[in-house]
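The values are calculated or read from the model by the stated rules, or taken from the named source; none is laboratory data. Since the structure is predicted, the reported quantities are computational estimates derived from the model, not experimental observations. A quick note on method: Cβ atoms are made from the backbone with ideal geometry, for glycine too, and the neighbour counts reach across all protein chains shown. Side chains included, ligands, DNA and RNA excluded: accessible areas come from the protein's heavy atoms. Shrake-Rupley method; radii C 1.70, N 1.55, O 1.52, S 1.80 Å.
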Amino acid sequence: MDTLKIIKETKLIAILRNADPNNILPIVKTLYKAGVRAIEVTMNSPKALESIELIANEMKGKVVVGAGTVLDAESARLAILSGATFILSPTVNKDTIRMNKKYGAVSIPGALTPTEILEAYEYGGDIIKVFPTTTMGPEYIKDLQGPLPHIPLLPTGGVDLNNVEDFIKAGAVGVGLGSALVNTKVEITDGYYDDLEKTAQSFYNKVNSEKGRA
């Protein structure tokens, strides 16, 4: 599977942070049913590497799995060896980007200012995660398109059902979705997965309506 192509085509990365390892596979299978094809497991989650390996093996050919909150090159290497095909970081770390390139993984470093975004791209970032966008909003992505139209941007933080379309219309190639999509803090009840599928489907429909009019 072409990881970069899948991320750009489906426009969604589901972020699983601190999910119970026993619930990982049911969550991913539910997201898959709703059209989500890119799954991020944050490295500060319990049994993160085991979860990445599980998804990579059990959902092979269906989803691409990546590691998030990757702060150094060695963590990136371990995640890739566990099956991650894309690596996300909250910051710009040249060594981490180089490690991703060495192993052929899609590199998505995090940056906020125009200077950081350009540096991350010049270092080899395939997509730049604009983080955090909680207070910046879609207009910030639109503003960045002026001087940096050639750099693929993925806003993360503060994206929800009310503004996700606006981020895509502003020029984002996709969005990273955390608790707005997968809330790992609530109790898993009989209706949890039904609600998750409905929410994921709503996000998918919004970002892919007329291909996000992008």
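Among the helices (runs of 4 or more DSSP H) lying completely within region 1-113, list those that include at least 2 residues that are in contact with a helix residue (DSSP H, G or I) (Cβ under 7 Å, 6 or more places away or on another chain) and modelled with pLDDT of 95 or more. Working first, answer last.
Details: elements: 3-10, 24-33, 48-58, 73-81, 94-103.
Ranges flagged: 24-33, 48-58, 73-81, 94-103.
Scan region 109-132 residue by residue and report those that are in contact with a Phe, Trp or Tyr (Cβ under 7 Å, 6 or more places away or on another chain) and either surrounded by fewer than 16 Cβ atoms within 10 Å (Cβ to Cβ) or within 24 Å of K5 (Cβ to Cβ) (or both).
Step one: list which residues in region 109-132 are in contact with a Phe, Trp or Tyr (Cβ under 7 Å, 6 or more places away or on another chain), which gives 110, 112, 128.
G110, I128 - these are the residues of region 109-132 that are in contact with a Phe, Trp or Tyr (Cβ under 7 Å, 6 or more places away or on another chain) and either surrounded by fewer than 16 Cβ atoms within 10 Å (Cβ to Cβ) or within 24 Å of K5 (Cβ to Cβ) (or both).
Screening S45 with (1) within 19 Å of V175 (Cβ to Cβ); (2) touching a Ser or Thr at 6+ places or on another chain (Cβ under 9 Å) gives one miss only, at (1). When residues in region 54-74 are screened for being of a type in the set (A, V, I, L, M, F, W, C) and under 23 Å from E9 (Cβ atoms), 7 of them pass. Evaluated against (1) within 17 Å of the chain's Cα centre (by Cα); (2) more than 22 Å from R77 (Cβ to Cβ); (3) touching a residue at least 60 places away in the same chain (Cβ under 8 Å), D20 falls short on exactly one condition, (1).
Results for (1) surrounded by fewer than 19 Cβ atoms within 10 Å (Cβ to Cβ); (2) of a type in the set (K, R); (3) touching a Pro at 6+ places or on another chain (Cβ under 6 Å), shown as yes or no for each residue.
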{"position": "I7", "(1), (2), (3)": "no, no, no"}
{"position": "N23", "(1), (2), (3)": "yes, no, no"}
{"position": "K29", "(1), (2), (3)": "yes, yes, no"}
{"position": "G35", "(1), (2), (3)": "yes, no, no"}
{"position": "E40", "(1), (2), (3)": "no, no, no"}
{"position": "E58", "(1), (2), (3)": "yes, no, no"}
{"position": "V64", "(1), (2), (3)": "no, no, no"}
{"position": "E74", "(1), (2), (3)": "yes, no, no"}
{"position": "P90", "(1), (2), (3)": "no, no, no"}
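Filtering region 67-88 for residues that are among the β-branched types (V, I, T), in contact (Cβ under 8 Å) with a residue 12 or more places away in the chain and over 20 Å from I127 (Cα atoms) leaves an empty set.
If you scan region 159-180, which residues turn out to be in a helix (DSSP H, G or I) and open to solvent by 10 Å² or more (accessible area, probe 1.4 Å)? Outline the logic, then answer.
Here is the first cut: in region 159-180, the residues in a helix (DSSP H, G or I) are 164-169.
Once the filter is applied, which keeps residues that are in a helix (DSSP H, G or I) and open to solvent by 10 Å² or more (accessible area, probe 1.4 Å), region 159-180 yields E165, D166, K169.
Scanning region 114-135 for residues being closer than 14 Å to G158 by Cα, in a loop (DSSP other than H, G, I, E, B) and in contact (Cβ under 8 Å) with a residue 24 or more places away in the chain gives a total of 4.
The residue that is surrounded by the most Cβ atoms within 10 Å (Cβ to Cβ), counting only those in region 136-158 that are of a type outside the set (A, V, I, L, M) and assigned to a loop (DSSP other than H, G, I, E, B), is G157. Filter region 181-210 for residues that are open to solvent by 40 Å² or more (accessible area, probe 1.4 Å), under 18 Å from the mean Cα position of the chain (by Cα) and either at pLDDT below 95 or of a type outside the set (S, T, Y) (or both) and give the result. N183, T184, E197, Q201, N205, K206, listed by residue number.
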